[in-house]
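Accompanying notes for the structure given below.
The values are calculated or read from the model by the stated rules, or taken from the named source; none is laboratory data. Source: prediction; values computed, not measured. FYI the Cβ positions are ideal-geometry reconstructions off the backbone, even for glycines, and counts take in every protein chain you see. With ligands, DNA and RNA removed, areas are computed over all heavy atoms of the protein, side chains included. Shrake-Rupley method; radii C 1.70, N 1.55, O 1.52, S 1.80 Å.
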Amino acid sequence: MMSETVPKLRTCLLAIRKFSTAPPKVPVESRQLAFPPKYQKPRQVWLENFDTIEEKKLGIIDLHPEIFAANPRIDIIQENVRWQSLYRYVSYAHTKSRFEVRGGGRKPWPQKGLGRARHGSIRSPLFRGGGVIHGPKSPTPHFYMLPYYSRVHGLTSTLSVKLAQDDLHIIMNLEIPTDEPNFIEELVRSRNWGPSVLFVDDVDIMPRNITAATDKIKHFNLMPVYGLNVYSMLKHDTLVLTRAAVDLLELKLLTSLHKNDVKPCAEKFKLNQV
């Protein structure tokens, strides 16, 4: 009787010890944030893997609150979207002036003697079939330059919105084991990253496998960090940044926000807060 009870007790004790032990702590990567904030705590996000379909948490990293926790200025985001939309818009509407309309080379009637108004050509805007006054001329670009700090705050606002909506993910790198499109599609589907994904790396020469895998998938796009813009981030449901892209993005934006001449220039973009 006793010999049968001891093994069962030992098994129960091992099971209790297994479930009672605390799970291992997730390592927090210590990042030396440039221009450390005085009154805000760094935002912490998961660092995920990208080499398997199953999601694995590699650790927690800190993000600078001035970049990823800024006040979401929707008006500045709209200014950036309009600027980028008009940047590539060219109007080809064209009307002919009196000098471009065919015909009307000679004077229609003498200057004097007939009692009629004086005219020099029947292609004058006063005649039917004549030229158009102040009509549109093609090509007409609608390009204008948005102020520098409007572009900077547009990036910080959009990045903050993406993080707040849980649509921003940080991965170690863009290396995947295969160049089959099914792998990246299944990975995005299993992690609920949404229909369209924008992958951002610190360089413009991407790994071969992910380049070949996303080549024929129109809603998965690759972009270097120097090309990151508000319109592309809003166009895609999910934004995926590599660890190197986060470092470079923070460095560039924080350098712009902490220039010596930034205070008078960027004063109008700050909200009144105590």
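Given the -39500 (n - 2.57) contribution per DSSP H run of 4+ residues, what per-residue ellipticity at 222 nm results for the chain, rounded to the nearest 500 deg cm²/dmol? Walk me through the intermediate numbers first.
Working: 9 runs with 96 residues, N = 274.
Per the formula, -10500 deg cm²/dmol.
Can you tell me the dipole magnitude for the stretch 50-129 around its Cα centre, using point charges on the Cβ only (Lys, Arg +1; Asp, Glu -1), in Debye to the nearest 20?
On the way: 15 positive and 8 negative charges, 404 e Å.
Around 1940 debye, computed over the stretch 50-129.
Relative to the longest principal axis of the Cα atoms of the chain, helix 2-20 runs at roughly 30 degrees. Of the peptides 151-159, 76-84, 129-137, the ranking by mean beta-carbon count within 10 Å, highest at the top, reads 151-159, 76-84, 129-137.
Hey, any idea what % of the chain's accessible area is carbon plus sulfur with a 1.4 Å probe? Could you put the intermediate results ahead of the total?
On the way: 10130 of 17930 Å².
Percent of accessible area from carbon and sulfur atoms in the chain: 57.
Using a cut-off of 27 Å between Cα atoms, the listed pairs Lys41/Lys162; Lys56/Lys252; Lys41/Lys252; Lys137/Lys218; Lys235/Lys259 include Lys56/Lys252; Lys137/Lys218; Lys235/Lys259 as exceeding that distance. Here the gap between Asp166 and Ile133, fully extended at 0.36 nm per residue and compared with their Cα-Cα distance, gives a gain of 6.4 nm. Equivalent-ellipsoid semi-axes for the chain (Cα gyration tensor, √(5λ), whole Å, largest first): 64, 25, 15.
Grab the Cα-Cα distance for Val203 and Lys216, subtract it from 0.36 nm times how many residues apart they are, and report the gain in nm with one decimal. Show your work: numbers first, answer last.
Working: separation 13, 0.36 × 13 = 4.68 nm, distance 2.11 nm.
Roughly 2.6 nm would be gained on extension.
For the chain, the residue among Thr156, Ala244, Gly194 whose Cα projects farthest onto the positive side of the dipole built from Cβ charges is Thr156. Overall, the chain carries a charge dipole of about 2360 debye about its Cα centre when +1 sits on the Cβ of Lys and Arg and -1 on the Cβ of Asp and Glu, all other atoms neutral. Computed over protein heavy atoms with a 1.4 Å probe, the accessible surface of the stretch 86-201 works out to 63 Å² per residue.
Across all directions, the shadow cast by the convex hull of the stretch 126-166 built on its C-alpha atoms averages 6.0 square nanometres. Does a label point 7 Å from the Cα of Arg43, set along Cα-to-beta-carbon, have any residues of the stretch 145-161 with amide nitrogen under 11 Å, and which are they? Flagged as within label range: 156-161.
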